[in-house]
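These notes are about the structure you will find just below.
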Amino acid sequence: MKLSRFALPLVAAGVIFTAGCSHPNYYAPPPPPPPPQSVPPLIQQANRDGFRAGHDDGARDAYNRFGYHPRHDRKYHDCPGYNPALGPFGPYRDAFRNAYLRGYYQGFYNQR
């Protein structure tokens, strides 16, 4: 009799604790992706002009077997094609030189 007096509450407690209360989990959706960044016209022009000039100079130096010296060319230092109406010279110069180095590499090693 003592066993049944303690057994019933233990079984009931075990059922309650194992069954528990189930609540559905709600998660917030992830944030939307950032909007695509547009490249300013000044940087677009610098990338286009610098890559073209670097590619031409790299191909010329490879053809004439001058060696790989992209920073010795005049176009790298002068950064031709700058239009003051599009913005300041500093960002144009940096973008032009980076594009020039990429173009020179591809032109010198005959890659597309």
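The values are calculated or read from the model by the stated rules, or taken from the named source; none is laboratory data. Everything numeric in this text was worked out from a predicted model, so none of it was measured. Every residue, glycine as well, gets a Cβ built from its backbone with ideal geometry; the counts of neighbours run over all protein chains shown. These accessible areas exclude ligands, DNA and RNA; they are computed on the full protein's heavy atoms, side chains included. Shrake-Rupley method; radii C 1.70, N 1.55, O 1.52, S 1.80 Å.
Below are the figures for this structure:
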| read-out | value |
| --- | --- |
| Positions within the stretch 60-72 being open to solvent by 50 Å² or more (accessible area, probe 1.4 Å) and assigned to a helix (DSSP H, G or I), in sequence order | Arg60, Tyr63, Asn64, Arg71, His72 |
| Matching residues in the stretch 39-59 - criterion: being surrounded by 13 or more Cβ atoms within 10 Å (Cβ to Cβ) and free of Cβ contacts under 8 Å to residues at least 12 places away in the same chain | Gln44 |
| Residues that are surrounded by 14 or more Cβ atoms within 10 Å (Cβ to Cβ), assigned to a helix (DSSP H, G or I) and modelled with pLDDT under 95, drawn from the stretch 77-92 | Leu86 |
| Whichever residue in the stretch 6-49 is at pLDDT below 80 and in a loop (DSSP other than H, G, I, E, B) and, among such residues, is nearest to Pro88 (Cα to Cα) | Tyr26 |
| Counted residues, the stretch 93-110 - those being open to solvent by less than 80 Å² (accessible area, probe 1.4 Å) and polar (S, T, N, Q) | 1 |
